[in-house]
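Bear in mind that the values in this text are calculations on the coordinates, not laboratory data. From a predicted model like this one, the values you see are computed outputs, not experimental measurements. In this analysis, Cβ positions are derived from the backbone assuming ideal geometry, glycine residues included, and neighbour counts consider all displayed protein chains.
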Amino acid sequence: MAAAALSSLLLFLSLLFVSSVLGGNFYQDFEITWGSGRGKILNNGDLLTLSLDRGSGSGFQSKNVYLYGKIDMQLKLVPGNSAGTVTTYYLKSQGSTWDEIDFEFLGNLSGDPYTLHTNVYTQGKGDREQQFHLWFDPTANFHTYSILWNPQGIIFSVDGTPIREFKNHESSGVLFPKNQPMRLYSSLWNADDWATRGGLVKTDWSRAPFTASYRNFNADVCVWSAGKSSCSSGAHVGGRGWLSENLDITRQQRMKWVQRNYMVYNYCTDAKRFPQGYPPECALNTAA
C-alpha cells in the first residue's frame with residue numbers, strides 16, 4: 001500500500017510540474033486574432049490555415065502563455081511565387097521590454113529557396129539574426145519546426161535537426177529570457193518592402209490569395225496563469241526531460257552540418273554591423 005501511495009504521489013507531482021499538450025486541437029489551444037475570416041480552423045480542429053490577399057493578412061495566437069516549453073508545429077508554406085510574403089511563428093511576451101523567440105519564413109520567387117530567419121529578443125533587444133536556406137521544399141509537404149526553451153538555453157530545430165542554439169550565458173552578462181511568460185503567435189502578412197531581396201522583389205497580387213497551413217501542434221509547456229507557473233521550481237532540479245535538455249554530441253554535429261551548408265547570414269560574423277566588436281555571446285557560444 002505504501003508503494004502504491006508513493007507511486008500515485010509521484011504521478012500527481014509530475015502532472016503538476018509540467019502541463020503537457022500532445023496532438024493539440026486548434027479549437028482548444030488557439031484563437032484566430034485578425035484577418036476578417038482569412039484565418040480558418042478546419043477538419044474538426046486538426047488543421048489551421050492563414051491567408052493573405054491585397055486587403056489583409058491573418059494571424060492566430062495561443063490561448064495560454066508559457067514560461068519555458070518544448071513546442072512543435074507542422075507548417076506547409078505558401079507555394080509558388082511567394083515573394084514579398086512573410087509567414088511567422090514565434091513566442092513573445094508583452095510590454096516595451098519584451099522577450100521573443102522567432103521563426104520567420106521569407107517568401108521567394110518560384111524556384112528560389114525560402115529564407116528561414118531566426119532571432120532572439122531579451123528585454124526588447126534583438127539584433128541576433130541567423131538565416132538559413134532549407135534542404136527541402138517547405139511548400140510541398142508539412143515539416144516540423146520546433147522551439148525548445150528551458151533554463152539552459154533555446155534550441156531551434158527543423159524536422160528534429162537542430163539548426164541554432166542560444167545558450168544561457170547570464171553568468172557572463174548576456175541577457176536571457178527567463179522571467180516573462182510568452183504567448184505563441186503566427187501570422188501571414190505582406191512585407192514586400194524588405195522580405196525578398198531586400199524589397200527589390202514585390203508581391204505579385206495576381207497570385208493571391210496566398211495560404212499557409214498548420215497541423216499537429218505538440219507541446220510540453222509550463223503554463224503561466226494567475227501569476228504562477230504550472231512548473232514548480234523543484235522541477236528544474238535533478239533534470240526532467242526537456243527542462244534540462246541540452247544538445248548531445250550527435251545533435252551538435254548535426255547543427256554544425258546545417259550551419260556549414262545552409263546558413264546564409266550570421267550576426268556573429270557581420271563585422272560591418274559590429275565595428276566595435278561582436279556581441280559577447282558570439283565568442284561564448286564558439287568556445288562552448
Next on the checklist: Using each residue's phi in the stretch 48-62, evaluate 6.51 cos²θ - 1.76 cosθ + 1.60 at θ = phi - 60° and report the 3J(HN,Hα) Karplus result to the nearest Hz, with x for Gly and Pro.
Outcome noted: 10, 10, 10, 10, 10, 9, 4, x, 5, x, 7, x, 9, 8, 6
Checklist entry - Which of the peptides 249-256, 63-70 is most tightly packed, and how do the rest follow, judged by the mean count of other Cβ atoms within 10 Å per residue? => result 63-70, 249-256
Checklist entry - By its C-alpha gyration tensor, with a ≥ b ≥ c as the square roots of the eigenvalues, how is the chain shaped: rounded for a/c under 1.5, else prolate for a/b larger than b/c, else oblate? => result oblate
Item to check | Amide H partners (placed H, <5 Å) of Asn81, local residues excluded | outcome: Ser110
Checklist entry - Does the stretch 158-288 classify as rounded, prolate or oblate by the C-alpha gyration tensor (a ≥ b ≥ c root eigenvalues; a/c under 1.5 gives rounded; else a/b over b/c gives prolate, otherwise oblate)? => result oblate
Next on the checklist: Quick query: amide H of Thr33 versus all other amide H atoms, modeled in the peptide plane; which residues come in under 5 Å with a sequence gap of 5 or more or a different chain?
Outcome noted: Gly59, Phe60, Gln61
Item to check | Over the stretch 67-210, volume per residue of the alpha carbon convex hull, in Å³ | outcome: 112 Å³
Checklist entry - How many nm is it between the label spots at Ser36 and Arg273, if each spot is 7 Å from the Cα in line with the beta carbon? => result 3.6 nm
Checklist entry - In debye, nearest 20: dipole of the stretch 19-287 around its Cα centre with unit charges on the Cβ of K, R (+) and D, E (-)? => result 100 debye
Item to check | HN-Hα J in Hz across the stretch 93-102 - Karplus 6.51, -1.76, 1.60, θ = phi - 60°, x for Gly and Pro | outcome: 8, 9, x, 7, 10, 7, 9, 7, 10, 10
Item to check | ³J(HN,Hα) computed for each position of the stretch 197-208 - Karplus, 6.51 cos²θ - 1.76 cosθ + 1.60, integer Hz, glycine/proline x | outcome: 6, x, x, 6, 9, 9, 5, 8, 5, 5, 8, 5
Checklist entry - With Cβ to Cβ distances under 12 Å as the rule, what net charge do the other residues near Thr88 carry (K, R +1; D, E -1)? => result -2
